[in-house]
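The values are calculated or read from the model by the stated rules, or taken from the named source; none is laboratory data. Quantities reported herein were computed from a predicted structural model and do not represent experimental measurements. Reconstructed Cβ throughout: ideal geometry from the backbone, glycine too, with neighbour counts over all protein chains shown.
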């Protein structure tokens with residue numbers, strides 16, 4: 001039995017070093033992260049955080065040994081949260097354009113606002129407000 005454990009331990013260490021050596025040269029393009037790695041890391045951190053929260057809830061129970069399912073429930077909820085965070089990071093964040101370098105015309109920004117509230121003047125005095133909702137533009 002000890003021989004098999006030693007062989008498995010040796011193979012896992014050797015295969016891990018080969019995988020690390022092969023992945024060292026595979027860099028993502030400039031300015032981009034590896035989406036698969038980011039998704040896996042967010043899931044992993046979610047599971048770890050959920051497990052810790054589930055384990056922390058055991059301190060508030062009378063018989064912690066009877067409520068170990070709370071640790072598994074916390075890990076499961078953490079995994080779901082990590083999946084949602086990973087999907088957000090991989091799909092939503094790259095789609096956000098940061099065009100802070102370019103100055104956009106303020107009048108062009110007004111055309112993008114669907115709801116407008118403007119003051120209404122009659123005979124030089126404030127008479128109220130106008131509300132307009134842009135439904136379709138062509």
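Numerical summary
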| read-out | value |
| --- | --- |
| Odd one out for residue 83, checked against (1) under 15 Å from the mean Cα position of the chain (by Cα); (2) at pLDDT below 85 | (2) |
| Per-region count, the range 58-72, residues assigned to a helix (DSSP H, G or I) and either on the phi > 0 side of the Ramachandran plot or loosely packed, with under 15 Cβ neighbours inside 10 Å (or both) | 7 |
